[in-house]
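The next block holds one structure in the form of structure tokens; read it before the comments.
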Amino acid sequence: DEIIFPELIQLYNYPNPFDLSGSSRRKGMTILYQIPLKFNITSMFIYNVKGQIIKKLNIDTNTTKGEIFWNGTNQYNEFVPTGVYFYGVSSCELTKYNKMLLIN
């Protein structure tokens with residue numbers, strides 16, 4: 001059996017914290033990912049501190065690395081409140097999460 005290490009999936013986000021109240025044209029957070037092809041991950045999820053999924057973001061399955069933009073909204077396109085959120089990916093083999101801070 002092959003040993004699976006969480007370090008094989010790399011997740012980074014910027015800016016952190018991110019502010020939706022500023023005058024920036026592109027309000028939100030960019031999440032960069034690098035995922036080995038063998039994990040076949042198609043989605044990234046945003047979670048609140050209760051562990052509830054608040055947004056599903058689709059990952060381009062034709063590439064093993066890329067970026068996703070989250071504009072601070074939930075699945076109903078409503079802005080979520082200030083707080084700590086988590087984003088993560090999972091497959092049968094492993095799960096990886098990171099933390100981010102949203103300021104409204």
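List of remarks:
- Largest-first ordering by accessible area, 1.4 Å probe, given options 73, 82: 82, 73
- Residue 42-residue 61 pseudo-label distance in nm [points 7 Å out on the Cα-to-Cβ vector]: 0.4 nm
- In this structure the amide hydrogen of residue 72, modeled in the peptide plane, comes within under 5 Å of the amide hydrogens of 29, none closer than 5 places in sequence on its chain.
- Length gained when the stretch residue 30-residue 52 is fully extended (0.36 nm per residue, less Cα-Cα span): 5.8 nm
- Rounded percent of accessible protein surface that carbon and sulfur make up, region 15-85, 1.4 Å probe: 48 percent
The values are calculated or read from the model by the stated rules, or taken from the named source; none is laboratory data. In this text, all values refer to a predicted model and were calculated from it rather than measured experimentally. As a convention, Cβ positions derive from the backbone with ideal geometry for all residues, glycine included, and neighbour counts pool all protein chains shown. We work out accessible area using only protein heavy atoms, side chains counted, and drop any ligands, DNA or RNA first. Shrake-Rupley method; radii C 1.70, N 1.55, O 1.52, S 1.80 Å.
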